[in-house]
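To start, the structure itself, in structure tokens.
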Amino acid sequence: MRSHQAIGALLPALPLVVLICAFPTARANADGTGKHDFDTNCASCHGFDGKGHGQALYVIPQVKPPDLTVLSKNNGGAFPTDRVYKSIDGRSGIPSHERFDMPFWGTTFQREGQEFTPASETEVRARIMKIVDYVKSIQEK
């Protein structure tokens, strides 16, 4: 009976898994910009404008991505760099590893065949910071 409950608990996340597999998640960042990675990996949920109205909402209606353009406004005028970085990375602060609302880009961006090596981790950190910088650049004034 427990396995049926576990499967039932995971079913709501199944469309997200399918969506993540269906959309390209560029392991090799072709042009090296945060906007490119955002457009390729984040816009399906957050929208190309960052306002939270991506095409995934039509596939997975229970996903409610935040409006990324008001993060500074909602944080007393200061952009929450560390919080945004950790949210994108996804590997820290996750209660019981039950995060199904957003991919773990800190693992997805790892260099294939060299996952979690110092070189791969350095590349992942730099790539995530470029996305953070891009999100910072789209803040409402």
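The values are calculated or read from the model by the stated rules, or taken from the named source; none is laboratory data. Computed from a predicted model, the values in this text were never measured in an experiment. Methodologically, a virtual Cβ is constructed for each residue, glycine included, from the backbone with ideal geometry; neighbour enumeration extends over all protein chains shown.
What do you reckon, is LYS51 surrounded by 14 or more Cβ atoms within 10 Å (Cβ to Cβ) and within 13 Å of the chain's Cα centre (by Cα)?
It is false that LYS51 is surrounded by 14 or more Cβ atoms within 10 Å (Cβ to Cβ) and within 13 Å of the chain's Cα centre (by Cα).
In the set (1) within 26 Å of THR122 (Cα to Cα); (2) among the charged types (D, E, K, R); (3) modelled with pLDDT under 95, LYS64 fails one condition alone, (1). For the stretch 112-132, the tally of residues that are touching a residue at least 40 places away in the same chain (Cβ under 8 Å) and over 14 Å from the mean Cα position of the chain (by Cα) stands at 1.
The stretch 53-141 holds helices (runs of 4 or more DSSP H) entirely within its bounds, and those carrying 1 or more residues that are among the polar types (S, T, N, Q) and over 20 Å from ASP39 (Cα atoms) map to 118-137. Can LYS130 be described as of a type outside the set (Asp, Glu), surrounded by fewer than 11 Cβ atoms within 10 Å (Cβ to Cβ) and within 17 Å of ASN41 (Cα to Cα)? The answer is no for LYS130.
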